[in-house]
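Derivation of every value follows stated rules applied to the coordinates shown; laboratory data play no part. Being a predicted model, the structure only gives us computed values, none of them experimental. Using ideal geometry, Cβ is built from the backbone for each residue, glycine included, and neighbour counts are taken over all protein chains shown.
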Amino acid sequence: MRVHEHPILGQSEPESISIYFDGKPIPAVEGEPIAAALIAAGVRVLRHTEKSGRGRGIFCGIGRCNDCKMIVDGVPNTRTCVTPAHDGMRVETQYGLGRGSCHE
Amino acid sequence: MNKAQIAVIGAGPAGLSAALEAARAGAQVTVIDENRKPGGQLFKQIHKFFGSRQHQAGTRGFAIGQGLLRDCEELGVSVQLGYPALGIFPDGRVVFNTAQGVRSLFAQRIILATGANENNLYFEGSDLPGVMTAGAAQTMINEHRVLPGQRVLMVGTGNVGLIISYQLLQAGAEVVALVEAAPQIGGYAVHASKLRRAGVPIYTSRTIHRAIGEKTVEGVELVALNEHFQPVPGTGEILCADTVCMAVGLSPMVELAALAGCQMTHIPALGGTIPLHDKNLCTTNPMVYVAGDIAGVEEASTAIEEGRLAGIAAARSLGLGDDGRQQAVQERLLALRSGEFGAKRQQAKEDILRTFKEAMA
């Protein structure tokens, strides 16, 4: 859920782009972290761990803990809490260490 | 940007203040920060600051941050963003990552203003999506303007827990309760009162026993604690909540100081392991200064003053600027570390000074 009206911060920026979460389009604000757009769309499980397969969501929100890693445009282990969203980005739930292509 | 007289690592309140003072003294300063935006945690602080007028009491954190950035720009401080520092070599080389690969910056003095990491707790279900640090929730509501949950349990009642709980209310969430393992609230009464006036219960001698939920948090079980912080059998109570925020302290981020060979000390009252430093924030490595939470977890106001002091002192050690400013800053720091809450931190800081002198003797 977005905080559109805020008593101190005023109005928030409107959503102007779309990103794709597991193939489904969701609205986003250009440049906001991918994780913020997902949270706004009600997505809480971002990845499943390698060992137990349990779901994980955002934890630190500032790029330290790596719990928000997802596959972004084919690149696994992308920290979605510090990676800006751009129009048309493909974001996938990551299972274990990720199945996408590696960094070149 | 491969050379600087003074390199500052971290563009939060301490780092920007250090850069400003060093630049004012005539030093050529480069600040690097891993984040895409400067300001550290200041821009998430939407509450009015406390203290005296000289500490900008009554001004909201983000306005203080805007002022620091404006001053940096006017003084020609180079602020380089998106560059995580990777290490420091004995010759003063700071190595950092960029999109184009690893780069170096040679500096005569390095001021570390890396801040602190949030602590966490382990309990059943603490890995469920919906369990997060209080700082994560604050970042989401105040910076990115999204609510990480609707019904929040806050664990910890230091100022971080109290202030972020109130900010969650301002963002439209419901805070179902705050729990505090100690028998009394940790933070300022004025923050706790605002929550109580809003009808939010604050339970002391109580903590979270487990987070309940299949895929994400759906509820929490609280438990009462005895005077030895042990759970009291039969006191379990289940609340409906979709989010658990942990505000259970911070630990200084000292990795770069350790790489630079700075000697450490352990001071629980200031967050744990801290680089030893003198009254001007110089570490046991004379090229390296520290300021802000890395020098002991306190508040943004003290981080700003420590940054100023480190900036002035680092410039002075290169023969730049004048001594006159140092004492005024030290006096303001003393004022910030007075009173019921400040005295303990002042004592801990004096312990660091004493240990520093012993280490250098």
Quotient of Cα Rg and 2.2 N^0.38 Å for chain B, N being how many residues it contains: 1.02
FRET efficiency for B:Q100 and A:V75, using Cβ-Cβ distance with R0 set to 22 Å, rounded to 0.05: 0.80
Relative packing of peptides B:83-96, B:168-181 - highest average C-beta neighbours within 10 Å first: B:168-181, B:83-96
Antiparallel content of DSSP bridges confined to chain B, in %, to 5: 50 percent
Average other protein chain Cβ within 10 Å of Cβ, residues A:67-74: 1
For residues of A:5-12, the mean tally of beta carbons on other chains within 10 Å: 5
Fully extended contour minus Cα-Cα distance, from B:Q108 to B:T59, at 0.36 nm per residue: 14.1 nm
Relative contact order (%) - segment B:212-361, alpha-carbon pairs under 8 angstrom, separation at least six: 17 percent
Radius, Kirkwood style, for segment A:5-94 when every pair of distinct Cα atoms is counted (Å): 13.3 Å
Distance in nm between pseudo-label sites at B:A343 and B:Q150 (7 Å out along the Cβ direction from Cα): 4.8 nm
Cα→Cβ-extended label distance, 7 Å offset, between A:H48 and B:R70, nm: 5.2 nm
Above-threshold pairs, the threshold being 22 Å between Cα atoms, out of A:K69/B:K215; B:K44/B:K344; B:K279/B:K357: B:K44/B:K344
5 angstrom amide H check on A:K69, placed H, neighbours 5+ away: A:T80
Whole-Hz ³J(HN,Hα) from phi, Karplus 6.51 cos²θ - 1.76 cosθ + 1.60, for segment B:310-327, glycine and proline x: 5, x, 5, 5, 5, 5, 4, 5, 9, x, 10, x, 10, 5, x, 7, 4, 5
DSSP-defined beta bridges in segment B:120-246 - what % are antiparallel, rounded to 5: 40 percent
Relative contact order (%) - criterion: Cα under 8 Å, at least six apart; region: segment B:120-246: 31 percent
Span from the segment A:20-38 Cα centroid across to the segment B:275-325 one, whole angstrom: 41 Å
Whole-Å distance, taken between Cα centres, linking segment B:173-249 and segment B:38-105: 34 Å
Chain lengthening between B:E255 and B:Y122 when straightened (0.36 nm per residue, less Cα-Cα): 45.5 nm
